[in-house]
Amino acid sequence: MTPHELRAACLVMPGAREEFPFDEANSVFKVAGKLFAISRLDAEPLRVSLKCEPDLAVSLRTSFPTAVLPGYHLNKRHWNTVVVNDVVPDQHVQDMIEDSYDLVVAGLPRRERDKLHWLKISHG
């Protein structure tokens with residue numbers, strides 16, 4: 001997955017916006033003002049931090065110990081930082097982006113969820 005593909009995967013989510021609250025280098029992807037992904041898209045290696053269910057976060061870290069790490073500068077129980085490389089298949093990264101988005105949207109008030117026409121999709 002390239003930086004362009006990572007950005008596109010985040011921005012395709014309904015209501016997603018890219019912001020730069022820290023500096024011009026760090027892309028922060030939000031829905032309804034809530035963070036669901038953050039990445040320095042010009043970094044080598046490319047990384048993205050994503051929200052995750054705590055049990056799944058631990059499982060992913062165990063399955064991909066060199067590529068899925070506790071969230072960098074984030075709550076390590078609820079966030080993973082994923083090294084985007086050949087270790088984690090692109091479809092898994094895509095699924096993690098969708099899961100992060102779903103977790104954030106699920107926590108929004110019903111009115112906000114309705115504006116997004118959001119239906120939680122299971123990503124098995």
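When you go through ASP95, ASP90, ASP55 one by one, which is the residue that is of a type in the set (Asp, Glu) and farther than 23 Å from GLU5 by Cβ?
Result of the check over ASP95, ASP90, ASP55: ASP55.
Within the stretch 79-109, count every residue that is in contact with a Cys (Cβ under 9 Å, 6 or more places away or on another chain) and over 19 Å from ASN26 (Cβ atoms).
2
Matching residues to (1) small (Gly, Ala, Ser); (2) farther than 16 Å from VAL104 by Cα; (3) in contact (Cβ under 8 Å) with a residue 24 or more places away in the chain:
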position: GLU53; (1), (2), (3): no, no, yes
position: VAL68; (1), (2), (3): no, yes, no
position: ARG77; (1), (2), (3): no, no, no
position: VAL83; (1), (2), (3): no, yes, yes
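Read the figures in this text as sums done on the coordinates, not as results from a lab. Everything numeric in this text was worked out from a predicted model, so none of it was measured. FYI the Cβ positions are ideal-geometry reconstructions off the backbone, even for glycines, and counts take in every protein chain you see.
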